[in-house]
Structures are given as structure tokens and as C-alpha cells.
Amino acid sequence: MKKWLCALSICTMAGLGALGLGGCGANDEISAIRIKTLPSTTEFVVGDIITPALYDGVFTVEYKNGRKTDLHLNNADIVYIEYDDGTTSNQFNQAAENQVVVVRYKTMTTTFNVSVSRQNLDLEYTKNYEKTYTGEALSIDDILKLNLPQGVTVSKVEYREQSSDKTEAYDDTPVDAGTYDVRVTLDGGAKYNSLVLDDITYTIKKADISLALVDSDISYNTIFMGYGDEVDAALNWQVGDGDLDIFTNALKSKYAELASYIQYAYRPLNKAEYTILAQTGNNVWLDSLPVGSYRLRAYAMGLPNFQDFYFETDLVVAAKELKYGVDYTLVIENDGQEVEYTLPASAMNVSTTIETSTPSDVTVKVVMLNSRAERLLDNEPIIYFVSSNYDQANWQGEGATSANGYYDYKLVISASFRGDACYFDSTFHAIKVVEPNSNE
């Protein structure tokens, strides 16, 4: 009797918890289990594990004899997530508004629903990127550093050139040098919400001009010229081992338009500032530069897709030698009548003979054929008559400004040009002045 009362006493306590299952009613058959109290946490994100959330949920065990017992969910044999495809897990691996959670105790099961949402992506990623112009479309794909978790993929990358108002539409992969806003769309997969990154900056830097050159061995050659010579600075390019050429022919065909950006400037060696040379059509003439030594620069600024560049060379503008018959001639008159002048065969054999009873009536004048040189003359050229006995070339003194007797006369031209820009050549000029009916 005492033993039964003791057992009854223990069984009376069975409704308080699992202890009653071990002490009495162990042979009772379970008819069902039901969720009595849902866990406090019924909202999850993908990746969460169900187990830690079970501590305060309660389920009721119902027996066929009518008895009921309440147990915490963590006293169940197993609690798991069941998916539509029949797979199970204790970890949420997909989003769902009503995800079934299964509670199993002994041979019975019951379920309750929870909501599972995707996680928000929280990335630490590189926001600034650079490449250098190549003439081809330059995607950022191969250098993106986004540190994406497993399952997250890049679904779209778009570009737009940066502007102050940021109203331009995003477009395809850029080709030209510039700074671009990049918009990257991420597909979060099963675990994460999709995300758009719009704070990435991408710079395509301008390339070195060598990218556009046919031959990397290009130079701008030293120029030696005489004052007033029609030398074109645009022609002074040396490409590889070829002849002097224009800069356009130093460029690959698709970059030929860069030639229009070339300008030319010069500075005297004792000056720091450059002066830009005027361009006439496609020519840049150097014929107006005074005599002197210079640095000549061929340069380009503000090119699309290419860095500013320049080539420099030495430029020497020498005093121009004025050639007889080309830049000047001599007009000889005797008493107002023009005399045909023939250059002497040699100093000992003067070809032009003038008969006159008055040697002082013989005049010699320089006539300039080169108008540019003529404009630089300080005064009219002076002809000095330096005398010698016939056919001896024994010239006496510095000469006089007119013939003063019957001699061979070496004609010496004296002239001054502004800036010493010109000088007369060394052509030997001479005449023979003889008495009328002379044997000479």
C-alpha cells in the first residue's frame, strides 16, 4: 500500500515535466504531439541554425490514456527543417515566408512555421581602379576586388563618364581615357539579398604616345638652315631608318588624326620662353627666324587618350650666302650704256673689257634678286674698285669707289645686313678698263 501510494505520488507529479515519463506511465502509448508555445524567435535569415532558438518553445505530448505532458522543444528527439524537395537540415539555406520546422518526439511529429529571409550583404571592397588606354574596350571585371561570399555573383557591370550632375545614363564598357562611375549589380543567390554598388570609381589613364607610333624609334632631327630658307618644321621627323618625313606617317593609321594636335615652337638658347610658330596650311615655315641658335620643339597638348608629349631638336639659322645669279646680279654701265658682264675665267684672265676715254664713267651696281635679303640691307651695297696692272692680279690697296685709270679691277662688294642675316658669296668679280683702240 505504501509502495503504491508512493508511485501514485510520483505519477501525480508527471504533469510537471519529463521526470514523470521515467517514473510512471512509461508504458503509456503516445497518441500525438502538438506545439503549445512557439519559440520567441520565429524570424530567421539564411544561414541561421534552428537549435539555439528552441530553448523557450514548448510542445505537448498527448497519450492515449488522456494524459498530457508539456516539454521544452529542446527536449524533443530532433528538430529539423524540411524543404519541398525532401531534404532536411538544421540550418536555413533558403528564404521562405513559411518555412516548415519539424519536431519529432518518439514516433510522433508536429510542425510549426517560421519566416526566413536573405541576409543583407556587408562588403569591404576596393572602390578605386585604374587601367591605361589601349585603344580597345577596357572592362574592370578582371581587377574587381569585392570579397564576395560564396554564392554571390556579379550579374552586371555598367559605366558612365563622371560629371558634376551625374545625369548621364550608364553604358557599355568604355574605350576612351577618362574617369568613370561604375555600377555593379550583385546577385545574392539563395543566402543574400541582391545589392547594387554605385560608389566605385574607374580611371582609364592616357597612354604614352609610343602606343600610337608605327616605330618606337622616332626622333626630331637637328635642323641647319640659312636665313630665309623655306624649311618646313613639320617635315623634320625621322621614323626608324627611313627618310625625313611628316609626323602623320609616324603614326599608326587609326591615330592619324593626332597629327592635327602637333604645334611647333622655338626659343633662343639664351631664353627660357618658347614662341609658337604660325602654321600655313600644313606647313610650318622657319624662314622668318633671325640668324641664331635655337631649341625647336614639336609638341602636343590635350590629346584624346594620350599624354602630352614633345620632341626637341637643335635649330641653327645661319647667315644666308647670297649667290650670284640667284640672289643678286651686277649691272655695269659705261657712260650710261649697259655693258654685258661675263664672269672672269680667272684672276689672270678677266673676260669683260670696257673701252672708255673716261674711266670714272664706268659704274657697277648690285641689283638684288632676293627681296627678303634686300629688305634687310642697311644701305645700298657699295662696290670697291681694286686695281692691278693687266693680267697680273696684283691688286693694290682696298680700292676706290670708282675706276680711276686703266687697269684690271677686282670688284669688291661691301654691304651691311641687319642681324648679319646675309652675306655675299665669294664669287670673283672683275672688269678690265682700257683706252679706246687699245690692244688690251
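The values are calculated or read from the model by the stated rules, or taken from the named source; none is laboratory data. The structure displayed is predicted, hence computed values, not measured ones. Cβ placement follows ideal geometry from the backbone for every residue including glycine, while neighbour counts extend to all protein chains displayed. Side chains are part of the model used for accessible areas, which takes the heavy atoms of the whole protein and leaves out ligands, DNA and RNA. Shrake-Rupley method; radii C 1.70, N 1.55, O 1.52, S 1.80 Å.
List of remarks:
- Separation of the stretch 120-140 from the stretch 199-228 is 28 Å, based on Cα centroids.
- The C-alpha radius of gyration of the stretch 358-440, expressed as a fraction of 2.2 N^0.38 Å, stands at 1.24.
- Working from the Cα coordinates of the chain, the gyration tensor eigenvalues give, after taking √(5λ), semi-axes of 117, 15, 14 Å in decreasing order.
- Largest-first ordering by accessible area, 1.4 Å probe, given options Glu43, Glu398: Glu398, Glu43
- Highest-first arrangement of 351-358, 427-434, where packing means the average Cβ count within 10 Å: 427-434, 351-358
- Reference-scaled alpha-carbon Rg (2.2 N^0.38 Å with N residues) for the stretch 106-189: 1.69
- Average accessible surface for the chain: 56 Å² per residue, computed with a 1.4 Å probe over protein heavy atoms with every protein chain in place.
- Rounded D (µm²/s) - the stretch 346-404, Kirkwood Rh over Cα pairs, Stokes-Einstein at 37 °C, 0.692 mPa s: 239 µm²/s
- Degrees separating the helix 2-12 axis from the principal Cα axis of the chain, which is the longest one: 40 degrees
- Computed [θ] at 222 nm, helices only, for the chain once each DSSP H run of length n ≥ 4 contributes -39500 (n - 2.57): -1000 deg cm²/dmol
- Once the gyration tensor of the Cα atoms in the stretch 215-340 is diagonalised, the equivalent ellipsoid follows with semi-axes of 38, 16, 13 Å, ordered largest first.
- The stretch 337-379 - convex hull of alpha carbons, volume per residue in Å³: 136 Å³
- The stretch 398-440 - Rg over Rh from alpha carbon coordinates, Kirkwood radius: 1.13
- Per-selection Kirkwood Rh - the stretch 302-440 (Cα, Å, 1 d.p.): 17.1 Å
- Sorting 417-426, 167-176 by their mean Cβ neighbour count within 10 Å, with the most densely packed peptide first, gives 417-426, 167-176.
- For Glu340, neighbours were defined as the other residues whose beta-carbon sits under 14 Å from its Cβ, and their charges (Lys and Arg +1, Asp and Glu -1) total -2.
- Fraction of accessible area attributable to carbon and sulfur, the chain (%, probe 1.4 Å): 45 percent
- Accessible surface of Trp395 - all protein chains present, 1.4 Å probe, nearest 10 Å²: 60 Å²
- Computed from point charges on the beta carbon alone (+1 for Lys and Arg, -1 for Asp and Glu), the dipole magnitude for the stretch 183-263 about its Cα centre is near 720 Debye.
- Under the convention that each Lys and Arg Cβ holds +1 and each Asp and Glu Cβ holds -1, the size of the dipole of the stretch 228-330 around its Cα centre is about 280 debye.
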